[in-house]
2 protein chains.
Amino acid sequence: MAKFLQDVLVVDFTRVLAGPFCTMTLADLGARVLKIEPPGGDEARGMGPFKNGQSLYFASINRGKESVVLDLKTDAGREAARALAGRADVLVENYRPGTMDRLGLGYESLAEFNPRLIYASLSGFGQTGPYRDRGAYDVIVQAMSGMMGITGQLHGPPTRVGASIGDLIPALYMVGGIMGALFERSQTGQGCRLDVAMMDSVFALTENALARYWLTEQNPAPLGNRHPAIAPFSTFATGDGTIVIACGNDSLWQRLCDCLEIPEGLDDPRFVDNQQRTENAEALAEFLEIRLAHRGTDDWLERLLTAGIPAAKVNRMSDLASDPHLRSRNMVREIEQEGIGRMLTPGSPIKSNRSDDDIGAVAPALGADTGRVLEELMERSGSAGADGDD
Amino acid sequence: MAKFLQDVLVVDFTRVLAGPFCTMTLADLGARVLKIEPPGGDEARGMGPFKNGQSLYFASINRGKESVVLDLKTDAGREAARALAGRADVLVENYRPGTMDRLGLGYESLAEFNPRLIYASLSGFGQTGPYRDRGAYDVIVQAMSGMMGITGQLHGPPTRVGASIGDLIPALYMVGGIMGALFERSQTGQGCRLDVAMMDSVFALTENALARYWLTEQNPAPLGNRHPAIAPFSTFATGDGTIVIACGNDSLWQRLCDCLEIPEGLDDPRFVDNQQRTENAEALAEFLEIRLAHRGTDDWLERLLTAGIPAAKVNRMSDLASDPHLRSRNMVREIEQEGIGRMLTPGSPIKSNRSDDDIGAVAPALGADTGRVLEELMERSGSAGADGDD
């Protein structure tokens, strides 16, 4: 089967996480991604966990790319980079604002000789604004965007989301931006500049917290595992662990009281509708947990799912590695990575009948493709001229 | 300025959150979105917080759309829905798998008379696999995907991310999928089916947790605000509150010891490189906090930022509402919503020189556009024939 981006050439100047995750997603969708690395390699190659001295961190976000080593501190390196950008459809970079300009690889300079180029800049705070020059890491962005301030146990401290969503969410927004720009270019022939900031992106995902503040003049605070406006919708203690139950409407609530054999819940004025249940969420949890204590999580889970009530247990990675549903959806992939051997990694979640979900199995060794790519480039330069447009 | 999706027509059968957030993002990028609602309206109209009986929850995820009421329980309603789908570029739905088929609005049936249609299905677990028919809510997905199991305080319970990322992340993946499909269609003329699952999508964002489990056979667990492989990279107590400091490399670590005037940190074997600092993260936090206790957060923040060290405070929504950077990037938008008045909402994080970041100011009143849209449809049917293709 084909892929959505099968004829798209991406020149990738990104390092570490946000940029590489973005270009990996493009590679998963079929783009050819040339990862430009300095002679010492992307610093992610030095980040753990390691096996046989190889970084699984790097391997998990660089599959399906080609590695081209260019020393951008030299004229020859910058010239080769410009030549690659000249024939690329998309350039992605996540340096601090201004760095690419200083290297002679800024947007204006490249757009002049490749007007079809989509030039995508990912950064902590964007190409404009007072925080533009600040450094950003995931935890900085989670804190500044408001996400940390609404995550955590009730009355507990603000809590970092355990995955680096400060990088991954802007990467997904940039994937959308790049695809939108490719679509627009297919209509107009014109490339463009894209500017996606980590802080903007995570802030955009804080849901209606800003509206709640605006309405109440109270800052939304960590609520534990509860939802601010739906109940029950949380984790609850069982006889031997924890279960998640979510009832988004009264009919599910009725079904829950039936399934748990607690009909008195239906008559209790504190639980009569979703608004009452949300306001009395702590009492609701106590009420449910008295009953839930009588059986273990697996037993309740089977009963609740049979009754059609959304419920779950809190999966660990060991559960997910063998989860039959994720396996059936090609979401747990075993790849053979040079130097590491077999490893597990999540697959691509964009499934389509016109773009297969195969993933490029391996992340490249440093510079593995330098010679071949530069040779190919010279050949094409010879036949296609210097403007890089085709 | 133009927008990336300015001539794209989206027929939107989505409810509540994942689907509406996806189509809002398409609307932000210029698509015309016809929100098809049942006579009682999207159930999100009944979800709090409320002002003057109007849902801010609904308003925050439905800006820039038109509302068309169709009763899909009637032949006439389904016929109108089919006619709209016949001339749409994109259809988005987030019913449980099988529901659209039962309504005569399934993919095969619509693709037959509109082969250019991009038919996008968002669901809890996808259109295939053993969990296909289960109900899903955000907290179910956060628990099942592994995200909850790696989020929380050290030795504390698994913790829900405070925003509904179980809905919002798949929405972003679907935005990418739809744009990719639009691009591919611009090359081939063919529409397609898209299938994005909430569980797949959040699992894909658990970073290298799966690889870490694979390597160590230990399940990654909540680490508090720390990073599993970088230190310092967390929140730390100051004299009057909390500060976030992140040093991704040794040169930033050296600068941090200079700025805090704790040169002994540089000679301490426990802190000699990132790997040592990560292994001794608790000792590192104690070491830093002894010094940080001498001043308040604002004072340290100014010193650290001046020294070029990534640092931040944990923002609340009140900070973000007036944040000069977000304001300068058009990320805090004041909109005038009918029935609510002025409200604040995050803007669009995809910035480009060829697609402006204006957002459609208001979410529509229920059915506000039904008459006009159906009339327009009839007119075009008269002139363009019944196949809906143009």
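Every number here is computed from the coordinates shown, using simple stated rules; none is lab data. Predicted model, so just to flag it, every value in this text is computed and none were measured. Here the Cβ positions follow ideal geometry from the backbone for every residue, glycine too, while neighbour counts run over all protein chains shown.
Karplus couplings for the stretch B:312-319 from phi (6.51 cos²θ - 1.76 cosθ + 1.60, θ = phi - 60°), rounded to Hz, Gly and Pro as x?
My calculation for the stretch B:312-319 gives 6, 9, 7, 6, 9, 4, 5, 5 Hz in order.
Given just the C-alpha atoms of the stretch B:1-107, how large is their convex hull per residue in cubic angstrom?
Roughly 102 Å³ of hull volume per residue.
To the nearest 500 deg cm²/dmol, what mean residue ellipticity at 222 nm is calculated for chain A from DSSP H runs of n ≥ 4 alone, each contributing -39,500 (n - 2.57), summed and divided by the residues?
Calculated mean residue ellipticity at 222 nm is -11000 deg cm²/dmol.
Given H placed on each backbone N at 1.01 Å, which residues far from A:Thr235 in sequence or on other chains put an amide H within less than 5 Å of it?
A:Asn225
Just the number: Rg to Rh for the stretch B:233-314, Cα atoms, Kirkwood Rh, two decimals. Show your work: numbers first, answer last.
Details: Rg = 11.5 Å, Rh = 12.5 Å.
Here Rg/Rh amounts to 0.92.
When each copy gets a label point 7 Å from Cα toward the beta-carbon at B:Glu379, what are the spacings between them in nm, shortest first?
Relative to the other copies, B:Glu379 has label-point distances of 5.6 nm.
7 Å along Cα→Cβ for the label point: how many nanometres lie between A:Arg96 and each equivalent label in the other copies, listed shortest first?
Counterpart label points of A:Arg96 in the remaining copies fall at 5.3 nm.
Expressed as a whole percent, how much of the Cα-Cα distance distribution for chain A exceeds 36 Å?
The proportion of pairs with Cα distances above 36 Å equals 37 percent.
How far apart are the A:Arg78 label points across copies, placing each 7 Å from Cα toward Cβ, in nm, shortest first?
In ascending order, 6.6 nm.
Over chain A, what relative contact order in percent results from Cα pairs under 8 Å that are six or more residues apart?
Here the relative contact order equals 20 percent.
Restricting to DSSP loop positions (anything but H, G, I, E, B) with no more than 14 other Cβ atoms inside 10 Å of their own Cβ, which GluC sites (Glu not before Pro) remain in the stretch A:332-374?
In loop regions of the stretch A:332-374 (DSSP not H, G, I, E or B), the sparsely surrounded GluC sites (Glu not before Pro) are A:Glu338.
Against the globular-protein guess of 2.2 N^0.38 Å, express the Cα radius of gyration of the stretch B:297-365 as a ratio, rounded to two decimals.
So the stretch B:297-365 has a normalised radius of gyration of 1.46.
Please work out the FRET efficiency for the pair A:Asp133 and A:Ala361, using the Cβ-Cβ distance as r and a Förster radius of 51 Å; give the result to the nearest 0.05.
It comes to 0.85.
Using the alpha carbon gyration tensor of the protein assembly as shown, what are the three equivalent-ellipsoid semi-axes (square root of 5 times each eigenvalue), largest first, in whole Å?
Equivalent ellipsoid of the protein assembly as shown: 38, 35, 25 Å, largest first.
Looking at the P(r) of the stretch A:329-372, how many percent of alpha-carbon pairs lie beyond 18 Å?
So the pairs more than 18 Å apart make up 41 percent of the total in the stretch A:329-372.
Net charge near B:Gly308: determine it from the other residues with C-beta under 12 Å of the C-beta of B:Gly308, scoring Lys and Arg +1 and Asp and Glu -1.
+2
Quick one: what does P(r) look like for the stretch B:265-390 with 10 Å bins over all Cα pairs, in whole %?
Computed distribution, short to long bins: 9, 19, 20, 19, 13, 8, 8, 3, 0.
Mind jotting down the distance between the C-alpha centroids of the stretch A:324-365 and the stretch B:134-156, whole Å?
The stretch B:134-156 and the stretch A:324-365 have Cα centres separated by 22 Å.
Once the convex hull of the alpha carbons of the stretch A:139-232 is built, what does its volume come to per residue, in cubic angstrom?
It comes to 134 Å³ per residue, whole-number rounded.
Which residue, A:Gly371, A:Val314, A:Gln254, has the largest displacement toward the positive end of the dipole of chain A when charges sit on each Cβ (Lys, Arg +1; Asp, Glu -1)?
A:Gly371
Quick one: plug the Kirkwood hydrodynamic radius of the stretch A:95-172 (C-alpha pairs) into Stokes-Einstein at 20 °C, 1.002 mPa s, and report D in µm²/s.
Approximately 147 µm²/s, per Stokes-Einstein.
Please build a GNM for chain A, connecting alpha carbons under 10 Å apart, and tell me which residue among A:Ser121, A:Ser348, A:Ser328 fluctuates the most.
A:Ser328
Express the Stokes-Einstein translational diffusion coefficient of the stretch A:2-62 in µm² s⁻¹, to the nearest whole number, given a Kirkwood radius over alpha-carbon pairs, 10 °C and a viscosity of 1.306 mPa s.
Approximately 131 µm²/s, per Stokes-Einstein.
In nm, to one decimal, how far is the modelled label at A:Ser186 from the one at A:Glu112, with both set 7 Å along Cα→Cβ?
3.2 nm
Say each of B:Asp7 and A:Ala76 gets a label point 7 Å from the Cα, pointing the same way as Cα to Cβ; how far apart are those two points in nm?
Output for this residue pair reads 4.8 nm.
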